[in-house]
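Student: This is the structure, below, for whatever I ask next.
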Amino acid sequence: MLAGYVYGGGILAVVLAVVVVTLPPPATAAPVAECDPGVANTNVTGNSAFDRNLGLLAAALAANASAAGAPGFAVRTAGAAPDQVYALALCRGDVNASACRACVAAAFVDAKSVCPGGISLYEDACLIRFTGQSFMDFLRPDKWQVSQMTWIPSQASGIVKVPEVGWFNAAVAKILAALVEHAWATTTGNNSTTTIKYFATGEESFNPKIYGFAQCVPAMSPEQCKECLRSLHDNAKNVYMGNSLRWVGVYSVWCRLMYSVRPFYGGRATLQLSPPPPPAVETPVEAGAGKKKSAAGVAAGLACSVLVLLILAVFAFVRFKRRTKAVEADHPLKKITRAQCMIFDLPTLQEATENFSENNKLGEGGFGSVYKGVLSDGQEVAVKKLLGTGGHGLDQLHNEVLLLAELQHKNLVRLHGFCLHQGETLLVYEYIKNGSLDNLLFDINRGNALNWEQQYNIILGIAKGILYLHEDSSLRIIHRDLKSNNILLGEDMEPKIADFGLARLLGEGHTHTRTTRVVGTFGYMAPEYAIDGNVSTKIDIFSFGVLVLEIVTRRRNCNSDDHDLVNLLSDVWNCWTKGTVSQMIDQSLHGYSQSQALRCIHIALLCVQSDPNDRPQISSVIFMLTRENMELHPPAQPAFFFGGGSASSSPSFGQRSYVYDRCGFDNISVNGVTLTEPYPR
């Protein structure tokens with residue numbers, strides 16, 4: 001559920017824990033924990049120097065954080081390099097001294113047993129962190145960058161009955177905004193007492209009542225706390241808007257923000273709020289009321305209509321003349337605010353592509369045709385003429401393109417702009433000169449065009465692009481059609497994921513080539529999506545696993561003209577079980593390269609497990625790819641394993657198993673969903 005925290009330009013090994021103490025009934029899910037395998041100190045168990053230093057810090061922090069006058073917060077270090085330990089403890093502002101001490105002490109016990117040198121998070125009343133690297137320097141003004149923070153959203157699985165969802169959302173927005181502004185402005189009390197810094201609770205008399213809290217690490221400056229909480233608030237909106245969820249929490253390393261319809265903190269709330277006014281209700285007009293004034297209204301209406309039409313005609317003529325002059329004087333590209341996205345006119349793109357000449361055609365797929373173009377300033381672009389967009393209005397297109405243009409990452413193909421002309425829609429992307437991964441892997445005329453270092457960097461780059469879509473972008477984006485010809489290769493063979501937003505533009509009714517109702521590409525499609533229509537981030541993980549196997553073995557998973565009962569996944573699994581999987585990689589690889597290639601196959605098999613719950617999150621995949629000393633658990637039989645027996649002979653393992661006897665599927669019908677779907681964070 002939770003991934004490592006990114007800050008200060010790198011991933012530090014941290015441990016966070018919040019342990020259950022005697023508090024009101026929890027409003028969130030049960031505590032969870034996850035370890036970070038990328039720890040500098042590997043010898044952290046038993047009676048090591050690191051472990052002894054950690055034991056000293058555990059006792060000291062429990063005492064310091066609960067000491068009289070302390071704001072429930074303490075930071076300390078123990079030992080000397082390379083076994084020096086840095087640690088932090090922070091109790092929630094409503095927890096008393098004894099409960100704080102017990103929580104911190106218990107948190108260290110749990111953290112050391114679960115993650116002796118990694119990262120752990122328990123959602124409740126206190127927080128601890130420890131690591132072998134200094135992390136407080138990130139709060140220095142010259143290093144603080146709120147954009148480098150990673151937010152972790154969490155939400156209730158159920159909804160609550162409310163009078164009106166929009167009214168409820170407005171009430172949630174009101175209490176969270178008030179908590180944000182109150183928390184960062186809360187510093188200290190008078191000279192004799194010290195209040196808890198950067199902490200606020202609130203209660204709003206909505207029906208049902210809404211409770212909330214906000215908190216920052218006290219070592220932050222007020223400006224840092226404000227930036228941190230405001231960023232959390234922006235992320236929280238993406239989760240609760242349009243819903244009536246029982247609770248929503250958004251967490252980062254340095255601050256937390258949450259609301260719930262149940263009380264979850266002790267004591268009286270520091271803010272007492274009234275609900276926003278209910279939405280206005282239109283009052284229906286009584287039947288017959290209009291008839292009483294109809295006679296006078298008709299005469300006045302005719303006269304006014306003539307006058308209004310004359311005024312509008314003059315206004316339209318003047319506006320048309322002004323726009324004509326502006327178009328002649330200005331460059332044909334018009335910027336849309338904040339997204340840095342251009343509006344192109346059709347003549348510009350016709351000239352750039354030589355009127356969409358076949359000689360400039362780069363390819364054709366289910367979404368339309370792609371042409372290479374050169375703009376008047378010499379910039380090379382790729383112009384995609386979309387299919388099935390005649391019913392889209394300009395305002396809707398603007399909103400969708402703004403979303404795509406803001407999703408910018410070095411491993412995503414960048415959208416420059418668009419053109420809408422008489423029902424025809426064209427998207428303008430950066431031009432990627434090395435073409436698709438599909439061509440380099442499987443074009444026999446090009447031979448072995450990629451060395452192992454390039455292949456590994458392509459695998460890692462694709463994973464980083466998926467991480468951005470799944471966890472780091474403003475909305476959670478599920479691609480749904482990751483495949484080799486949707487991976488383009490830029491300078492130095494750097495991978496760029498393409499078509500990560502086209503389906504949202506095209507609408508619900510669009511279908512992909514070679515399919516009728518299932519959207520995607522067989523061979524890359526997760527079984528739970530292909531058969532049941534279930535959509536989650538794990539369907540991209542499955543596709544990524546297939547991609548990795550194709551890259552390492554240079555074999556397609558499924559060929560439309562291949563009628564063998566064994567596809568790539570089953571072939572790899574057969575070799576894996578026999579201990580001969582090394583035969584499937586490039587035989588020129590030796591030593592470290594061979595070991596790295598075999599590790600990639602291992603990770604890929606974990607990604608193509610039948611049960612989505614058995615597949616790792618993309619953040620865990622990146623850890624496994626970059627931490628060679630991380631032990632990988634053995635994979636089970638993958639989905640789409642084509643054994644020698646019948647499809648029904650698959651072992652169950654107590655879970656649903658997906659076994660097929662060929663690449664295609666008969667009688668599969670899934671709702672006409674789109675490929676890429678954003679989910680609020």
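Student: Pull out the extension gain between residue 577 and residue 345, defined as 0.36 nm times the separation in residues minus the alpha carbon to alpha carbon distance; nm, one decimal.
Tutor: Fully extending the segment from residue 577 to residue 345 adds 77.7 nm.
Student: So what does the Cα-only Debye profile of region 567-626 read at q = 0.13, 0.15 Å⁻¹, as log10 I(q)/I(0), no solvent term?
Tutor: Listed by q, the Debye log ratios stand at -0.37, -0.49.
Student: Right, something else. Give me 109, 535 sorted ascending by neighbouring Cβ count inside 10 Å, so fewest comes first.
Tutor: Ascending number of Cβ neighbours within 10 Å: 109, 535.
Student: For each pair in 433/496; 361/385; 464/538; 410/464; 433/464; 410/538, compute the distance between the two Cα atoms and list the pairs where it is over 18 Å.
Tutor: Check vs 18 Å cut-off fails for 433/464; 410/538.
Student: Another one. Please report, for the Cα atoms of region 343-386, the Rg to one decimal and the Dmax as a whole number; what are they, in angstrom?
Tutor: 9.9, 31
Student: Lys and Arg at +1, Asp and Glu at -1: add these up for the other residues within a Cβ distance under 11 Å of residue 255 and post the number.
Tutor: Local net charge: +2.
Student: What ranking do 606, 427 get, fewest neighbouring Cβ atoms within 10 angstrom at the top?
Tutor: Starting with the residue having the fewest Cβ neighbours, the order is 606, 427.
Student: Also: Where does each of 421, 590, 479, 470 land when they are ranked from fewest to most other beta-carbon atoms within 10 angstrom?
Tutor: 590, 421, 470, 479
Student: Taking Rh as the Kirkwood radius computed over C-alpha pairs, what is the Stokes-Einstein D of region 154-273 at 37 °C in a medium of viscosity 0.692 mPa s, expressed in µm² per second?
Tutor: 227 µm²/s
All of the numbers you see were taken from the coordinates with simple rules; none came from a lab. Not measured: the values here are computed from a predicted model. Virtual Cβ from ideal backbone geometry, glycine too; neighbours counted across all protein chains shown.
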